[in-house]
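Peer 1: Have a look at this one before I ask anything.
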Amino acid sequence: MFRRIQQILTVFTLALSLVATSAWAVSKDEAKAQGLIGERANGYLGIVVSNPPSDLKRLVSDINKKRKAAYKKSAASAGVEQGVFELRMGQRLQQRTPRGQYIQLQNGNWKKK
């Protein structure tokens, strides 16, 4: 009986930790507001901080994959090269970045807007 209770508690603890971990995951807007990520000149997100946690890396990677697919489709529709479209989007996204958040300059340095 003790073993069964121990198993139930172990499963409950594991489930609780999974729920808590996903609750602690940061959103794109929160990460930008906290200065963890910023808009790069090439139309993609970049990580501003050194030694970022894996969930932040995963967030940026997922968003950049979605952006890349959207850029590819939009560039084809507009009849321009994807690289050109990415740079135009990078300019627009950086212009729209609110004061206090980060943008990456052409030389690779991050600047708080």
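The values are calculated or read from the model by the stated rules, or taken from the named source; none is laboratory data. Note that the coordinates shown come from a computational prediction; the quantities given were computed from them, not determined experimentally. Don't worry about glycine lacking a Cβ; one is built from the backbone with ideal geometry, like all the others, and counts go over all protein chains shown. Surface areas here come from the heavy atoms of the whole protein model, side chains and all, with no ligands, DNA or RNA. Shrake-Rupley method; radii C 1.70, N 1.55, O 1.52, S 1.80 Å.
Peer 1: Where the second residue is acidic (Asp, Glu) and the first is free of Cβ contacts under 8 Å to residues at least 60 places away in the same chain and lies in region 44-65, which pairs have Cβ atoms under 7 Å and are six or more apart or on separate chains?
Peer 2: Leu45/Glu39
Peer 1: Further question on the same structure: Is it true that Val60 is among the aliphatic types (A, V, I, L, M), outside any loop (DSSP other than H, G, I, E, B) and within 19 Å of Lys112 (Cβ to Cβ)?
Peer 2: Yes, satisfied.
Peer 1: Please go through region 79-112 and pick out each residue that is of a type outside the set (Gly, Ala, Ser) and over 19 Å from the mean Cα position of the chain (by Cα).
Peer 2: The answer is Val80, Glu81, Gln82, Val84, Phe85, Arg88, Gln106, Asn107.
Peer 1: Also: What's the number of the only condition in (1) closer than 19 Å to Lys113 by Cα; (2) open to solvent by 30 Å² or more (accessible area, probe 1.4 Å); (3) assigned to a loop (DSSP other than H, G, I, E, B) that Gly35 fails to meet?
Peer 2: (2)
Peer 1: While we're here: Scan Ser50, Ser27, Ser54, Ser61 and give me the residue that is more than 19 Å from Val84 (Cα to Cα), at pLDDT 95 or above, surrounded by fewer than 16 Cβ atoms within 10 Å (Cβ to Cβ) and of a type outside the set (A, V, I, L, M).
Peer 2: Answer to the check: Ser61.
Peer 1: Just one of the numbered conditions (1) assigned to a helix (DSSP H, G or I); (2) modelled with pLDDT of 95 or more is not true of Arg99; which one?
Peer 2: (1) is the only condition that Arg99 fails.
Peer 1: While we're on this one: Of all the residues that make up region 37-79, how many are among the hydrophobic types (A, V, I, L, M, F, W, C) and closer than 18 Å to Gly108 by Cβ?
Peer 2: Summing the residues that are among the hydrophobic types (A, V, I, L, M, F, W, C) and closer than 18 Å to Gly108 by Cβ in region 37-79 gives 7.
Peer 1: Which residue pairs have Cβ atoms closer than 9 Å, lie 6 or more positions apart in sequence or on different chains, and pair a first residue in region 25-36 that is touching a residue at least 24 places away in the same chain (Cβ under 8 Å) and on the phi < 0 side of the Ramachandran plot with a second residue that is open to solvent by 30 Å² or more (accessible area, probe 1.4 Å) and basic (Lys, Arg)?
Peer 2: If the second residue must be open to solvent by 30 Å² or more (accessible area, probe 1.4 Å) and basic (Lys, Arg), the pairs left are Ala25/Arg58.
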